[in-house]
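A quick write-up on the structure given underneath.
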Amino acid sequence: MSFLHHIFAFDSNSPLLFTQFYFWAFFAIVYSIFALIVRKQTSARLHLRNVFLLFVSWFFYYKTSGLFLLILAFVTLSDWLIAKGIYRYIGRQRLSAAKLLLVLSAVIDLGLLAYFKYAYFFTNMVNDLFGCSFEVFDIFAYVGNGFRATGRFDVESIVLPVGISFYIFQVISYTADVYRGKIKPVRNLLDFGFYVSFFPQLVAGPIVRAEEFIPQLYKPFHLSRRQFGMAVFWILNGLTKKIILSDYLAVNFIDRVFDNPLLFSGFENLFALFAYSLQVYADFSGYTDIAIGVAMLMGFYLPKNFNSPYKAQNPQEFWRRWHMSLSRWLKNYLYIPLGGNRNATFGTYFWIALIALIALVLTGSWTATAVIATVAVVVALVAYFRPAHRKLLYANLNSFITMLLGGLWHGASWNFMIWGGLNGIGMIVNKFWRTMGWNLRLILMTVLTFSLMLADHFTQLPAIRVFVVWALIVWAGTMVRYIHKALPIPPHKGGGKCYRIAEKMGVAWAVLQTFTFITFTRLFFRSGSNLDPATANQVAWETATNMMNQIGGAWNSSIIPAFIREYWAVVVLFVLGMVIHWLPDKWKQWYRLCFASLPLWAMLLAVAAVVFIVYQFITADMQPFIYFQF
């Protein structure tokens, strides 16, 4: 009985993870039954396959999140019914009724997300604004206790259901696409439930659009020999990223620095920041790789979620390569409805007002609110009096709001707003930078660098010193590119080859600049992760401030050799991880196809070797995937 209880009961201390042996035993049983079902390709077997995988997915989510499965089931039922109603009203030309149902769906879905994810924030906001003393209360736990304050469930704290941000966004896109006429509603509730809860991507994405996945529900199972090999490759690739790169770097160095940044030197803090960029990529893309491989083994294809993001040459390109399913969702269901690059809508100014209010609550400062409000007024005035610049202003404003809300999607704390805002600013600055001539670029960088040097001289602030170093590096690169553009190399007598080399060096320089910028923004992202929502703002700000003070303080160069000796494995893994990441795409495609084409006996040996190596890096406590908390 205890054995059966361990298998079927939910244990909050041991959720079902891709990195656990228990998951692969679970998947082996599931796949064996799945193989028996799809041996005959009939419509009845096709339906049975979908129903079987639906209940498997629900069991998987129950083992991950317990009774929060009821929330998933409720969202599935409500959006299935609402989408059918929307389609019916559109067919009868009753567009206002269809729009009302769409609003109802958004209120239900976003209301649930806001309750579980932002209850602490909204409670604190009301208390701060009106001098109240409200406390967070879990209404679902209260109902589960039989409308009593005490019982099986704790009513005094709200726990975030794993994956709620992902499946909520997924059902919102489904209902919105039915309203837009892009897809027809799914007739069968079980099929729709399977789309919402397909277990490989349920708890951390990628966010799958209905038009991409639902047609696959009605296609016969097919898995070629090469597809099988590619699926196995993606699973091994994901496990290697997660356990060897992400977990090892985190446990053996990164977490130590972020927990106590003042105990480490400026160089060690800076290295931890860069290593975290690799960690979060290896962790999240590792999960996606495993999800893609597991789904492919069952004949389903999930969208690509990462495309070597640290090869990006600017922040805008980075967000086309990083968490691509979320970026597409934000573009299609937030940026474009706000007006996109065409105009500003009521939603644009609504979100500006709300963000200003959030800034007031999070900082307790009217200055931050006044700055945001002033920016909105200036944009409105410029747009009114300078029509020629209107579209550019609207596009940048909507883009900035989208990035801020993308930051808030990760959590309602000041550090996530800073992280999203910095990415938005980076995208806007890059857009203007690319429209400038090289003369203007050099002048602006010279003025900025000189101004920062003066500020550093009079303030001696570590943060200013960091910006001075960064500005000097960018100024030097701008000067080199300026000279290259001002003195073009003739194409004859080897000049063409020199020109191509210079262009490649320019690309490498842009990639390193973008990687450094994205890494700097991660200071605020990591500082607020894995924290109690009630104390996240203060702790995150202290961590970020301490790390910045260490990085911008006096450096002792003698500590670098000692650091390399003590953390040589961490350094080697970081360098190796970045080198592999920066390999040309055609090289990566080549070794993937080589693995997928191996004979079965050779593939089995390769799997055994990789599993053995990965096992050597497993830490005492399994590290949860970073994006489970979002």
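The values are calculated or read from the model by the stated rules, or taken from the named source; none is laboratory data. The shown structure was predicted, so the numbers you read here are calculated from the model rather than taken from an experiment. All Cβ positions, glycine included, derive from the backbone under ideal geometry; neighbour counts span all protein chains shown. Keep in mind that these areas ignore ligands, DNA and RNA; they rest on the heavy atoms of the full protein, side chains included. Shrake-Rupley method; radii C 1.70, N 1.55, O 1.52, S 1.80 Å.
What the table shows:
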read-out: Probe 1.4 Å, all protein chains present, accessible-area order of R187, R465, R92, largest first; value: R187, R92, R465
read-out: Sequence-distant residues sharing a close amide H with L16 (under 5 Å, placed H); value: T64
read-out: Segment 107-159: C-alpha gyration tensor shape, a/c 1.5 cut-off, then a/b vs b/c; value: oblate
read-out: In order through segment 567-572: 3J(HN,Hα) via Karplus (6.51 cos²θ - 1.76 cosθ + 1.60), integer Hz, x for Gly, Pro; value: 10, 4, 5, 5, 5, 4
read-out: Helix-only CD estimate at 222 nm, as mean residue ellipticity for the chain, using -39500 (n - 2.57) per DSSP H run (n ≥ 4); value: -23000 deg cm²/dmol
read-out: Extreme residue, positive dipole direction of the chain, given options L113, W24, A476 (C-beta unit charges); value: A476
read-out: Label assignment, percent of Cα pairs over 39 Å apart derived from the structure, set (i) 47; (ii) 36; (iii) 58; value: (ii)
read-out: Dipole of the chain, positive end: most advanced residue of L357, I71, A35 [Cβ charges, Cα centre]; value: A35
read-out: Computed E for K331/A502 - FRET, C-beta separation, R0 41 angstrom, nearest 0.05; value: 0.75
read-out: Label-to-label distance, nm, for residues given as L36 and N343 (7 Å Cα→Cβ offset); value: 6.2 nm
read-out: Ranking by accessible area, most exposed first, for W351, W590 with a 1.4 Å probe; value: W590, W351
read-out: Separation in nanometres of the label points that stand 7 Å from Cα toward Cβ, at I29 and I473; value: 5.2 nm
read-out: Accessible area of the chain belonging to carbon and sulfur atoms, whole % at 1.4 Å probe; value: 69 percent
read-out: Across K311/K588; K331/K431; K84/K219; K40/K219, pairs whose alpha-carbon gap is larger than 21 Å; value: K84/K219
read-out: Cβ charges +1 (Lys, Arg) and -1 (Asp, Glu), total dipole of segment 219-332, debye; value: 760 debye
read-out: Unit charges at the beta carbon, dipole of the chain: most positive-side option, V186, F199, H457; value: V186
read-out: Residues of the chain: accessible area per residue with a 1.4 Å probe, Å²; value: 49 Å²
read-out: At R0 = 41 Å, FRET efficiency that the Cβ-Cβ distance of A608 and L48 yields, to 0.05; value: 0.75
read-out: Prolate/oblate/rounded call for segment 65-128, Cα gyration tensor, a/c under 1.5 rounded; value: oblate
read-out: Assigned charges on the beta-carbon of Lys, Arg, Asp, Glu; the chain dipole about Cα centre (debye); value: 3080 debye
read-out: 3J(HN,Hα) from dihedral phi, segment 427-443, Karplus parametrisation 6.51/-1.76/1.60, rounded to Hz, x for glycine, proline; value: 5, 5, 4, 5, 4, 5, 4, 6, 8, 7, x, 5, 4, 5, 4, 5, 4
read-out: Nitroxide proxy distance, nm - points 7 Å out along Cα→Cβ at M453 and K219; value: 6.0 nm
read-out: Positive minus negative residues near M324 (Lys, Arg vs Asp, Glu; Cβ under 13 Å); value: +4
read-out: Residue-wise HN-Hα coupling along segment 456-471, computed from phi with Karplus coefficients 6.51, -1.76, 1.60 (Hz; x: Gly, Pro); value: 5, 4, 8, 9, 6, 7, x, 4, 5, 5, 4, 5, 4, 4, 5, 4
